[in-house]
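> Have a look at the structure that comes next, please.
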Amino acid sequence: MSAAPGRRPIVPFLRLPPDGEPYLAGQRCTACRAVFLGRRLACGRCTARGPFEEIRLSRSGTLWVYSIVHQSSPGVPVPYVAAIVDLPEGLSVRCNLIDVARRWR
Ligand SMILES: [Zn+2]
């Protein structure tokens, strides 16, 4: 996997193509088509030991739950929105939401 010069992914399943939009990479079981984040030794659904194929995950999903964080580690700007988002591929991603209109007080 290559990344744009000067950019490094903060998680192993983040792809930063030099000529395109960042995306998350899922691992799909070729036996049952279940999708996971991160490398797998075996499928959590059918227990097959692979192979797994990498797929590009959707860049949008359905917000499942969120929390507005007002206190964090020193140096971390607050508030921010911690969330779990369900992706159409059938998995959930723990993430921080950005570019969300600020409507809380
Ligand atoms: Zn499977």
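The values are calculated or read from the model by the stated rules, or taken from the named source; none is laboratory data. Keep in mind that this is a model prediction, so the values were computed, not measured. Please note: Cβ atoms are built from the backbone with ideal geometry, for glycine as well, and neighbour counts cover all protein chains shown. Note: accessible area is taken over every heavy atom of the protein model, side chains too, but ligands, DNA and RNA are not part of it. Shrake-Rupley method; radii C 1.70, N 1.55, O 1.52, S 1.80 Å.
> Would you pick out the residues in the stretch 46-70 that are at pLDDT 95 or above, assigned to a loop (DSSP other than H, G, I, E, B) and more than 18 Å from Phe13 (Cβ to Cβ)?
Listed by number, the residues that qualify are Cys46, Thr47, Ala48, Arg49.
> Considering only residues that are more than 15 Å from the ligand (Cβ to nearest atom) and open to solvent by less than 90 Å² (accessible area, probe 1.4 Å), which ones fall in the stretch 10-37?
Within the stretch 10-37, Val11, Phe13, Leu14, Arg15, Leu16, Pro17, Pro18, Gly20, Pro22, Tyr23, Leu24, Ala25 meet the criteria.
> Still on this model: Answer yes or no: is there a residue in the stretch 84-95 that is exposed (fewer than 12 other Cβ atoms within 10 Å of the Cβ) and touching a strand residue (DSSP E or B) at 6+ places or on another chain (Cβ under 8 Å).
Looking through the stretch 84-95, at least one residue is exposed (fewer than 12 other Cβ atoms within 10 Å of the Cβ) and touching a strand residue (DSSP E or B) at 6+ places or on another chain (Cβ under 8 Å).
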